[in-house]
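Just passing along the structure, written as structure tokens.
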Amino acid sequence: MMCNILYKHNLLVLAWKCASLSIPCVLSSANKNNTLSIIINYKMGIPKQNYSSCKTKPSKVSDLQKEWSLCFETNKIPEPESSVKYIIEHVLKIKEPYQYDLEQNRELTEDQEKQIRTLCECRLARMPVQYIIKEWDFRDLQLTMSPPVFIPRPETEQLVDLVLEAAPPDGLFLEIGCGSGAICLSLLKALPKARVVAVDQSKMACQLTSDNALRNDLTSNLQVVRSKLKEDGTLSEPLPQEVNQVDVLVSNPPYVPASQLVDLQPEIKLYEDLRALEAGRDGLRVIKSLLLLAQSILRPGGLIFLEVDTSHPKLIQKWVADCPQLNITFVKTVKDFCEKDRFVKLRKL
């Protein structure tokens, strides 16, 4: 509830700021499901001299790349050069990485330049690039992105790798919190004989997972269920009748402590669904519910793979040790590519 209120509050605050600065701001339906997102024509608080420098009309790819990279850097937009690159590649439909360098002297049509500028202005408003270009690569998949469904991060690819190292190739997998479908579809791509049940409480997320499964031709062994994981480890809606016990439970659950929400980047606070992030005072609320679910849904010897906060592995290890009735044992902690404790593996006894 708090996340819903905070998410809507952020939208209203941003709209108010835009109005107070006489900046055009539109709160509009982002897609057919009427998800609120923000489309802002001009960045809040940009000094006139800074913004006017972004209004020249270069005719080549290299000119726009240089101009908007400088503009983003001046206004402290994260990853300024790559942000511009992704937007230009999207507008020009450049698919191969090497092709972009070959297009630097390409002259742009008026419509292309206008579209690039419009999308770059959205980035100035701290809209994530993934939402701007409406797609993103994850492992060997190309996924459609739609706000406010959570954007998969690079470290989550490591979670998939961790699952694939130990999972049975023809097993039954359950993912809780499927979002865009990045994890479950990656598993199906790598394990053609596997079956996956993907669960999310969000209607938009379930639809996006289904759409991405269709886009990547991975629908045959996938079932998508809209259901909410409750605090006691039960689901608000039952799984398919034939799903009694699963071999693997995997999740990138909400794990951000509530007190840390204010420190998140604007890209996250303003555009992504905070329900996919916030998990109570210690960040363990949803993780504990997942382990309670695992107690009933996992077969003996079944595995649990979770992405967690760096403070969580020792806390999770202690909690399962203090709750022997779960019949779950902590196996190991795995570091991410930044050498931070990011993933945990557990086993049902």
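Just checking, does the stretch 335-343 include any residue being out of contact with any Pro (no Cβ under 8 Å at 6 or more places or on another chain), touching a residue at least 24 places away in the same chain (Cβ under 8 Å) and over 30 Å from SER146 (Cβ atoms)?
no
Please pick out the residue among THR329, THR333 that is modelled with pLDDT of 95 or more, farther than 18 Å from GLU231 by Cα, in contact with a Phe, Trp or Tyr (Cβ under 8 Å, 6 or more places away or on another chain) and not in a helix (DSSP H, G or I).
Testing whether each residue is modelled with pLDDT of 95 or more, farther than 18 Å from GLU231 by Cα, in contact with a Phe, Trp or Tyr (Cβ under 8 Å, 6 or more places away or on another chain) and not in a helix (DSSP H, G or I) leaves just THR333.
When you go through GLY301, GLY283 one by one, which is the residue that is over 18 Å from ASP200 (Cβ atoms), open to solvent by 10 Å² or more (accessible area, probe 1.4 Å), out of contact with any Leu (no Cβ under 6 Å at 6 or more places or on another chain) and of a type in the set (Gly, Ala, Ser)?
GLY301
Does the stretch 302-322 contain at least one residue that is at pLDDT below 95, more than 20 Å from the chain's Cα centre (by Cα) and small (Gly, Ala, Ser)?
The answer is yes; a qualifying residue exists.
Something else: Select from the stretch 321-349 the residues that are aliphatic (A, V, I, L, M) and over 17 Å from GLU307 (Cβ atoms) and write down the one among them that is most open to solvent (accessible area, probe 1.4 Å).
LEU349
Here is a follow-up. Which residues, taken from the stretch 91-111, are out of contact with any strand residue (DSSP E or B) (no Cβ under 8 Å at 6 or more places or on another chain) and either charged (D, E, K, R) or under 23 Å from CYS122 (Cα atoms) (or both)?
VAL91, LEU92, LYS93, ILE94, LYS95, GLU96, TYR100, ASP101, GLU103, THR109, GLU110, ASP111
Still on this structure, I have one more. If you go through the stretch 245-265 one residue at a time, do you hit one that is open to solvent by 60 Å² or more (accessible area, probe 1.4 Å) and within 18 Å of VAL163 (Cβ to Cβ)?
Looking for residues that are open to solvent by 60 Å² or more (accessible area, probe 1.4 Å) and within 18 Å of VAL163 (Cβ to Cβ), one finds at least one in the stretch 245-265, hence yes.
Inside the stretch 167-286, counting only helices (runs of 4 or more DSSP H) that do not spill past its ends, which hold 1 or more residues that are at negative phi, in contact with a helix residue (DSSP H, G or I) (Cβ under 9 Å, 6 or more places away or on another chain) and of a type in the set (Gly, Ala, Ser)?
Ranges flagged: 182-190, 203-215.
The values are calculated or read from the model by the stated rules, or taken from the named source; none is laboratory data. Owing to the predicted nature of the structure, the values given are computational and were not obtained by experimental measurement. For neighbour counting, all protein chains shown are included, and Cβ atoms are generated from backbone atoms with ideal geometry for every residue, glycine included. Note: accessible area is taken over every heavy atom of the protein model, side chains too, but ligands, DNA and RNA are not part of it. Shrake-Rupley method; radii C 1.70, N 1.55, O 1.52, S 1.80 Å.
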